[in-house]
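Novice: Attaching a single structure in structure tokens format; questions to follow.
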Amino acid sequence: MDGPSFERPRGPISVAPAVTGERRTLLSVVVPCMNEEEVLRQTHDHLVGVLLKCPGNFEIVYVDDGSSDSTLAVLRELQASDLRVRVIRFSRNFGHQVAITAGLEHASGDAAVIIDADLQDPPEIILEFLAKWLDGYDVVYGVRTERDGESAFKRGSAKVFYRFFSHMTDTQMPVDTGDFRLLDRRVVDALISMPERDRFVRGMVSWLGFSQIAVPYHRASRAAGTTKFSLFKMIRFALDGIFSFSILPLRLATWTGFAASGVAIAGIIAVLLERFFQVPGLVKGWSSAVIGELFIGGVQLVCLGIIGEYVGRIYGESKRRPLYVVRERIGFEARNPVAASARQAMVASGKR
Ligand code: UDP
Ligand code: MG
């Protein structure tokens, strides 16, 4: 561990008034939202309540990931009453991981916290994250010790996935973590400089290294609304994680090829034994031939599919499209009041 950086405040953060010219620490909180109208106000009040207890300043960056309900209207309302709120509105749904990335790209804090909009991650834990950050850690991630209100299938599949993932990849990703975490500015900068499109943020953060520490927490059930992750989305997310962090599936394809060839060689030997040594009953009619063909055909298609997964990803990367499209940014002028008033003056004078 390289210890706390010199720019990081140690101990209680200075809350000296701005007139002294001393800059107060800024914490950014990134909240991806998709159709969260039922819970957003409650989340915001809860978050602000906790953040007011933190030393330094804070901003909350909400990312509206193509909601079709009144999420945007609620966010506008929150922003109008609180200048610490910023809103990024996507042109359509780009997905949770992309929303997190956009939030981090727009965050200007000395550290950033990623938290879901549904209060499954308790905001109080942010205080523990901050304490660890002040101790000098660069990444503080939440580890779910208990998970309420999630189906046995979801809990079981998550458990299997995280264990499977750590076997499949060289990246040591801690088990039972989500994206609820605090990242130091240096980690945020490193993360957003990674250009890949398949963004499996928790894996990317593990890959980055730095000094990381876990904070255990109890994952509550959703405060309101329903999960936005269908089974299909969950499977895609899991596959994204594996295919963007491991080429082991390609090796598995090779091994399967060798295994199938081994079976074929065994078959050839059986035929030769029967033919030359008259060992009876080894070759049983047409069914063995057809089963063999189907087996090889199946193996070949699976291997093609695996190769296809990687080729598809290369295709996606090669198009070099932007990761997301922003339709509107709200509240970012508030960061720079001088620029904001200059812009307002320009708008008023009809220059824009
Ligand atoms: N989310 C998003 N885009 C999506 C799906 C989800 O921004 O396409 C947000 C959602 O609003 C929530 C977070 O991601 O803040 C986690 O989603 P959810 O709670 O539905 O997932 P779960 O906790 O059930 O895995
Ligand atoms: Mg949730």
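The values are calculated or read from the model by the stated rules, or taken from the named source; none is laboratory data. The structure presented is a predicted model; accordingly, all values stated were derived computationally and were not measured. Every residue, glycine among them, receives a Cβ derived from its backbone with ideal geometry; neighbour counts consider all protein chains shown. Note: areas computed on protein heavy atoms with side chains; ligands, DNA, RNA excluded. Shrake-Rupley method; radii C 1.70, N 1.55, O 1.52, S 1.80 Å.
Novice: What number goes with the only condition from (1) within 16 Å of ligand 2 (Cβ to nearest atom); (2) in contact with a helix residue (DSSP H, G or I) (Cβ under 7 Å, 6 or more places away or on another chain); (3) small (Gly, Ala, Ser) that ALA111 does not pass?
Specialist: (1)
Novice: Name the pairs whose Cβ atoms lie under 8 Å apart, with the first residue in the range 204-229 and more than 23 Å from THR171 (Cβ to Cβ), the second of a type in the set (A, V, I, L, M, F, W, C) and near ligand 1 (Cβ under 9 Å from one of its atoms), and 6 or more positions between them or separate chains?
Specialist: ARG222/VAL39; ALA223/VAL39; ALA224/VAL39; GLY225/VAL39; LYS228/MET34
Novice: Step by step: first the residues of the range 213-243, then only those that are in a helix (DSSP H, G or I) and of a type in the set (Phe, Trp, Tyr), then the one that is modelled with the highest pLDDT. Which residue is that?
Specialist: PHE243
Novice: I would also like to ask the following. For the range 157-192, give me each residue that is at pLDDT below 90, of a type in the set (A, V, I, L, M) and open to solvent by 30 Å² or more (accessible area, probe 1.4 Å).
Specialist: Answer for the range 157-192, where residues must be at pLDDT below 90, of a type in the set (A, V, I, L, M) and open to solvent by 30 Å² or more (accessible area, probe 1.4 Å): VAL160, VAL175.
Novice: Quick check on my filter: what residues within the range 253-293 are open to solvent by 100 Å² or more (accessible area, probe 1.4 Å), at pLDDT below 80 and more than 26 Å from GLY305 (Cα to Cα)?
Specialist: Scanning the range 253-293 gives ARG275, GLN278, PRO280, LYS284, TRP286.
Novice: Across the range 225-235, what is the total count of residues that are within 11 Å of ligand 1 (Cβ to nearest atom) and farther than 23 Å from THR145 by Cβ?
Specialist: Residues that pass the stated criteria total 5.
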